[in-house]
Protein chains: 2
Amino acid sequence: MKNIIVGQSGGPTAVINSSIAGVYKKAKELGYEHVYGMVHGIEGFLNEDIIDLDDYLNDDNNYELLKRTPSAFLGSCRYKLPKIEGNEETYEKIFNILEKWEIDCLLYTGGNDSMDTIKMLSDYAASHNKPQKFMGVPKTIDNDLPITDHCPGYGSAAKYIATSLKEIIRDNASFGKSRLTVCIVEIMGRHAGWLTAAASLAKDETCEGVDAIYLPETTFDLNKFLDNIKEMAKTKSSIVIAVSEGIQTSDGKFVCELGSDDRAVDAFGHKQLSGCAATLANIVQKETGLKTRAIEFSTLQRAATHLASLTDINEAEAVGMKAVEAATNGQTGMMITLERTNNNPYECTTNIYDIHNIANVEKKVPIEWINLETNQMTDEFLKYARPLIQGELTPIFKDGVPVHLIRK
Amino acid sequence: MKNIIVGQSGGPTAVINSSIAGVYKKAKELGYEHVYGMVHGIEGFLNEDIIDLDDYLNDDNNYELLKRTPSAFLGSCRYKLPKIEGNEETYEKIFNILEKWEIDCLLYTGGNDSMDTIKMLSDYAASHNKPQKFMGVPKTIDNDLPITDHCPGYGSAAKYIATSLKEIIRDNASFGKSRLTVCIVEIMGRHAGWLTAAASLAKDETCEGVDAIYLPETTFDLNKFLDNIKEMAKTKSSIVIAVSEGIQTSDGKFVCELGSDDRAVDAFGHKQLSGCAATLANIVQKETGLKTRAIEFSTLQRAATHLASLTDINEAEAVGMKAVEAATNGQTGMMITLERTNNNPYECTTNIYDIHNIANVEKKVPIEWINLETNQMTDEFLKYARPLIQGELTPIFKDGVPVHLIRK
């Protein structure tokens with residue numbers, strides 16, 4: 001037991017760095033000599049772009065700052081490992097680097113695509129009799145990893161979405177019935193509507209909530225959507241609607257494509273979506289004559305660490321710590337999961353699960369958590385999601401803005 | 001001296017309600033019997049849609065909540081009073097309502113267009129020998145009112161912009177040079193670039209800052225803009241650019257119109273602008289082949305009370321208090337101004353100024369505060385703006401989201 005390395009992969013979250021903090025803390029506690037970080041994930045690792053976390057975190061102030069730093073402190077990547085067969089040289093290179101740096105365990109924070117990396121590396125180790133351990137640390141605002149109750153990163157994005165929507169709803173209501181505006185807010189989530197569903201958390205005693213929510217789990221019916229708006233416009237002085245970027249009509253067309261078909265595709269073959277809210281705002285304006293506004297939370301929903309959920313930060317730290325512990329105990333090819341042991345009061349613990357049953361599987365919002373009209377969430381969803389956005393970790397402000405920790 | 005009334009007009013800000021709080025506090029202190037609020041400004045007042053603020057603010061908790069509530073608590077309007085000549089019946093109606101409700105002073109928070117309302121009412125009072133006093137309370141995220149050093153509302157919007165840009169910059173840098181993304185962020189401000197200039201506040205020891213800033217005060221040169229990006233793309237691993245919604249090319253075309261000309265016009269004849277960042281992101285992608293992303297802060301920049309500047313909140317409260325004091329002392333047809341008496345340490349006091357020299361005049365960013373390349377702010381701007389974003393007023397969270405005060 002000598003050294004350990006951790007990397008970050010995929011789209012960042014507001015709390016991905018808290019998992020790095022947890023890894024560092026537990027690894028030091030367990031006596032690892034060096035806790036290394038890959039710069040830009042496995043892609044950087046292949047170029048031996050590696051830093052020693054002691055250079056940053058051997059200081060309590062920096063440790064606290066790291067937990068308040070958005071995006072991937074180590075740098076992320078979207079590098080997909082090739083399949084083992086026919087690409088053995090890539091894997092040999094990785095294991096050579098591991099041996100050269102005397103690294104016993106490799107931990108990787110990420111979502112679906114990143115868990116695939118851990119699966120491949122642990123498969124290669126098993127078939128080539130390599131001693132190194134590989135462990136996945138869940139991270140995704142999308143909340144679409146299976147088995148785990150929820151994913152670190154989701155709670156903070158949900159808190160940002162709920163808070164911002166409360167503010168947008170107040171703003172949109174400011175002019176009253178005489179200047180009714182239909183505000184359509186676009187939220188991330190290609191196939192799973194967890195983030196968009198979090199819009200329902202805006203509703204409370206001091207907020208009427210969003211007027212409709214459309215998830216990719218159900219078919220989007222443009223006519224029903226327009227009829228609903230026309231009906232609401234008769235009495236309401238503000239209409240705010242949350243839509244997932246991935247909603248599709250019954251013919252399988254993305255709503256954002258109703259306006260244009262010129263879309264790029266990312267490294268994993270996902271269609272690059274955007275402009276769903278803008279497309280709908282245009283249609284509503286033309287079909288109803290009402291004033292409309294389109295808002296996209298864009299990367300803010302994953303980067304707004306200043307509004308992170310303390311529950312989420314603590315859990316992100318805990319899964320990092322658990323990954324070190326499990327790998328040190330000889331576990332490999334596993335992902336850390338969160339298990340909710342009680343909901344009221346909320347209690348959650350960490351566990352481990354075979355990564356072969358996790359990688360490349362997407363967990364969607366259960367259809368029974370969506371109402372029959374397919375435009376609001378049920379109480380079951382609220383009971384599930386509300387505990388995840390509890391608590392705050394106040395940013396450390398300097399000169400009026402939050403301070404972050406950055407690589408030199 | 002019996003009753004006083006306050007109304008809110010124009011686009012809301014994160015701290016417009018702190019001015020209402022200040023009005024209430026000072027009016028009660030000075031012994032006014034009723035402190036009334038117009039629901040939806042002068043438009044609601046004409047329908048006698050009036051509430052008694054005692055019903056809400058006679059409770060310290062609610063007073064604190066009001067200061068943490070975004071948008072216009074009383075409801076806003078965009079109602080322009082007609083010119084006096086030929087429209088005397090409108091003015092007679094207003095003064096009849098004032099007499100009926102025994103209102104001695106009318107205070108109005110707003111920007112340029114709203115100050116015009118105070119001017120008209122005080123002119124009518126002067127020419128018709130009416131005793132009521134009229135006072136303007138400055139409020140605008142745009143910071144474009146003359147005479148006053150700055151406007152309440154600006155500091156909080158600037159703090160939101162600087163903080164969000166720091167988070168966006170970190171996010172945009174997460175994938176490194178191999179996946180360089182040009183992120184173009186659109187910020188409000190039709191003719192005055194104060195808000196966009198606030199993007200420069202993102203730069204500090206832990207943030208490299210935005211790579212370019214384009215204000216409406218200078219002509220936007222598309223070719224220079226593209227050349228600058230191509231040059232930066234050779235070395236940088238992230239490019240983030242802030243643009244004002246109102247930037248125009250040398251032929252006087254709004255950049256957002258380079259994509260389309262189908263634009264609506266608001267009640268004051270302003271062109272409705274949007275999509276400048278999206279237009280530029282498309283052009284950059286086509287001309288350079290680089291991956292691009294467009295982000296619009298939209299109404300979040302004026303509604304994000306959870307990130308308000310404490311300096312701004314205190315000053316918004318102070319101008320409300322000063323307005324009551326001045327009107328009670330017999331002043332009328334004036335606007336409260338903020339006077340910076342010292343910059344280091346920052347000290348600011350309130351004053352009053354003849355509204356005839358304020359209404360309908362727009363204050364722009366001094367051209368000498370923009371660098372010669374017209375794509376960054378100088379230190380002079382930073383010295384001006386940095387004090388305005390200092391301090392925080394932590395939101396009161398309940399169930400994971402900030403609580404607001406709303407009208408029943």
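Cβ under 9 Å from B:Leu307's Cβ, B:Leu307 left aside: what net charge do those residues give with Lys, Arg +1 and Asp, Glu -1? So the surrounding residues net to 0.
For the residue pairs A:Lys177/A:Lys203; B:Lys203/B:Lys253; B:Lys139/B:Lys322; A:Lys159/B:Lys139; B:Lys177/B:Lys230, the alpha carbons lie more than 23 Å apart in B:Lys203/B:Lys253; A:Lys159/B:Lys139. For segment B:1-48, a Kirkwood hydrodynamic radius built from all Cα pairs, placed in the Stokes-Einstein relation at 10 °C and 1.306 mPa s, yields a translational diffusion coefficient of 139 µm²/s. Measuring against 27 Å, Cα to Cα, the residue pairs A:Lys80/B:Lys224; A:Lys133/B:Lys236; A:Lys234/B:Lys93; A:Lys398/B:Lys67 contain A:Lys80/B:Lys224; A:Lys133/B:Lys236; A:Lys234/B:Lys93 as the ones spanning a longer distance.
Take every DSSP beta bridge whose two residues both sit in the protein assembly as shown; close to 35 percent of them are antiparallel. With its label point defined 7 Å out from Cα along the Cα-to-Cβ axis, A:Glu208 lies at 4.6 nm from the matching points of the other copies, in increasing order. Within the shell defined by Cβ-Cβ distances under 12 Å, the residues around A:Phe45 carry a net charge of -1, with Lys and Arg each +1 and Asp and Glu each -1. The reciprocal of the average 1/r between distinct C-alpha atoms defines the Kirkwood hydrodynamic radius, which for chain A equals 22.1 Å.
The GluC sites (Glu not before Pro) of segment B:1-44 that DSSP puts in a loop, and whose beta carbon has at most 16 other beta carbons within 10 Å, are B:Glu33. Under the Cβ-under-4.7 Å rule, which cysteines of chain B stay unpaired? Taking the Cβ cut-off of 4.7 Å, the unpaired cysteines of chain B are B:Cys77, B:Cys105, B:Cys151, B:Cys183, B:Cys207, B:Cys348.
Taking B:Asp60, B:Asp379, B:Asp312 as the candidate residues, the one with maximal mean-square fluctuation in a Gaussian network model of chain B, Cα springs under 10 Å, is B:Asp60. For chain B, a Gaussian network of Cα nodes joined below 10 Å ranks B:Gly44, B:Gly176, B:Gly136 by mean-square fluctuation, and the top entry is B:Gly176.
Kirkwood's formula applied to the C-alpha pairs of segment B:110-170 gives a hydrodynamic radius of 13.7 angstrom. Overall size of segment A:99-257 from C-alpha positions, given as principal axis extents largest first: 72, 37, 23 Å. Normalised by residue count, segment B:1-158 yields a Cα convex hull volume of 108 Å³ per residue.
Measuring spread by the Cα atoms of segment B:348-398 yields a radius of gyration and Dmax of 16.6, 49 Å. Peptide A:300-307 is shielded by partner chain Cβ atoms: per residue, an average of 6 of them sit within 10 Å of its Cβ.
Peptide A:43-52 is shielded by partner chain Cβ atoms: per residue, an average of 1 of them sit within 10 Å of its Cβ.
Annotation: segment B:274-332 has a Kirkwood hydrodynamic radius of 15.4 angstrom, from the mean reciprocal C-alpha pair distance. Against the longest alpha carbon principal axis of chain A, how many degrees, from 0 to 90 and to the nearest 10, is the axis of helix A:310-328 turned? The answer is roughly 30 degrees. Please give the residues of segment A:179-202, grouped as numeric ranges, whose backbone N is less than 12 Å from a label point set 7 Å along the Cα-to-Cβ vector of B:Asp399. A:200-202, by backbone N distance to the label point.
Remark on A:Glu392: its backbone amide H falls under 5 Å from those of A:Leu310, a criterion applied only to residues 5 or more positions apart or on other chains, H modelled at 1.01 Å from N.
Do any GluC sites (Glu not before Pro) in segment B:50-95 lie in a loop, going by DSSP, with at most 10 other beta-carbon atoms within 10 Å of their beta carbon, and if so which? Sites meeting the loop and neighbour criteria: B:Glu85.
Hydrodynamic analysis of segment A:10-96 uses the Kirkwood radius over alpha carbon pairs. Inserted into Stokes-Einstein at 20 °C and 1.002 mPa s, it gives a translational diffusion coefficient of 151 µm²/s.
3J(HN,Hα) couplings calculated from phi for segment B:20-34 with the Karplus curve 6.51 cos²θ - 1.76 cosθ + 1.60 (θ = phi - 60°) are, in sequence order, 5, 4, x, 4, 4, 4, 5, 5, 5, 4, 7, x, 4, 6, 10 Hz; Gly and Pro show x. The GluC sites (Glu not before Pro) found in segment B:175-216 that occupy coil by DSSP, while having at most 14 further C-beta atoms within 10 Å, are B:Glu205. With the label put 7 angstrom out from Cα along the Cα-to-Cβ vector, A:Asp49 ends up 5.7 nm from the copy partners, going from closest to farthest. The angle between the Cα long axis of helix B:276-288 and the main principal axis of chain B comes to about 0°, on a 0 to 90 degree scale. The distance from the alpha carbon centre of segment B:196-214 to that of segment A:97-115 is 35 Å, rounded to a whole number. Evaluate the relative contact order of segment B:154-303 (contact order divided by residue number), counting alpha-carbon pairs under 8 angstrom at least 6 apart; express in whole percent. Relative contact order, segment B:154-303: 31 percent.
Remark on B:Thr350: its backbone amide H falls under 5 Å from those of B:Glu339, a criterion applied only to residues 5 or more positions apart or on other chains, H modelled at 1.01 Å from N. Roughly how large, in nm² to one decimal, is the mean projection of the convex hull of the alpha-carbon atoms in the protein assembly as shown? Its Cα hull, projected and averaged over all orientations, spans 34.1 nm².
Averaged over peptide B:64-77, the number of partner chain Cβ atoms lying within 10 Å of each residue's Cβ comes to 3.
Sorted from nearest, the other copies put their A:Gly252 label points 5.1 nm away, the label point being 7 Å from Cα in the direction of Cβ.
Taking the longest Cα principal axis of chain A as reference, the axis of helix A:112-127 is set at about 20 degrees. Summing charges over all other residues whose Cβ lies under 9 Å from the Cβ of B:Asp204, with Lys and Arg as +1 and Asp and Glu as -1, gives +1.
Only helices enter this figure: runs of n ≥ 4 DSSP H residues, each worth -39500 (n - 2.57), summed and divided by the residues of chain A, yield -10000 deg cm²/dmol at 222 nm to the nearest 500.
In segment A:1-154, Cα pairs under 8 Å separated by at least six residues give a relative contact order of 30 percent. Express the relative contact order of chain A as a whole percentage, based on alpha carbon pairs under 8 Å and six or more residues apart in sequence. Contact order relative to length: 23 percent.
Every number in this text was worked out from the coordinates using simple rules, so none of it is lab data. Since this is a predicted model, take the numbers as computed values, not measurements. All Cβ positions, even for glycine, are placed from backbone atoms using ideal geometry, and neighbour counts span all protein chains on display.
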